[in-house]
Amino acid sequence: MNKTFIIGRLTKDPDVRYAASTQTAIAKFTVAVDDGFGDKKRTNFIPVVAFGKTAESCEKFTAKGCRIAVEGKIQTGSYEDKDGHKVYTTDIVVERHYFCVEYIDFANQQTTGKIQDEVPDGFAAIDEIVPF
């Protein structure tokens, strides 16, 4: 089974491009994930790739510094760089079968320091205080 789950912070805004032939969105971003604690703490920088609506959603709702949870599979590959050297890659590819990127922080929260008080479409605002 090839399944992985990470939680970390985006190191920069997602880079979204569209495939020339299919116009499918492709988002590439790196997630910084802490491992260990104290003197043994280290940070891993994990490259992630998302496709389609998930890629567009990443671009719309995340920004550098946002915490994000990603579920996907590890995929390796290789290519030749401009000097003719073979470069090996390892990425997490976000699964496309279901919504599998969870936004722990939103981009507007990063810039304003608080969650925006907007009511999503299809929901009604509640003026009363909920006792729980």
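The values are calculated or read from the model by the stated rules, or taken from the named source; none is laboratory data. Just so it is clear, the model here is predicted, and its values are computed rather than measured. Here Cβ is always computed from backbone atoms with ideal geometry, including for glycine, and neighbour counts include all displayed protein chains. Only protein heavy atoms, including side chains, enter the accessible area calculation; ligands, DNA and RNA are left aside. Shrake-Rupley method; radii C 1.70, N 1.55, O 1.52, S 1.80 Å.
When the stretch 5-27 is filtered for residues that are charged (D, E, K, R), within 18 Å of residue 51 (Cβ to Cβ) and either exposed (fewer than 13 other Cβ atoms within 10 Å of the Cβ) or without any contact (Cβ under 8 Å) to a residue 40 or more places away in the chain (or both), the ones remaining, listed by number, are 15, 17.
Of the numbered criteria (1) without any contact (Cβ under 8 Å) to a residue 60 or more places away in the chain; (2) not in a strand (DSSP E or B), the one residue 2 fails is (1).
When you scan the stretch 31-97 for strands (runs of 3 or more DSSP E) that lie fully inside it, which ones turn up with 1 or more residues that are more than 20 Å from residue 5 (Cβ to Cβ) and either at pLDDT 95 or above or open to solvent by 90 Å² or more (accessible area, probe 1.4 Å) (or both)? First the steps, then the outcome.
Details: elements: 42-51, 67-80, 86-94.
Here the list reads 67-80, 86-94.
Here is the figure for the stretch 8-43: residues that are under 23 Å from residue 61 (Cα atoms) and among the polar types (S, T, N, Q) total 4. Here residue 28 does not qualify as at pLDDT 80 or above and assigned to a loop (DSSP other than H, G, I, E, B).
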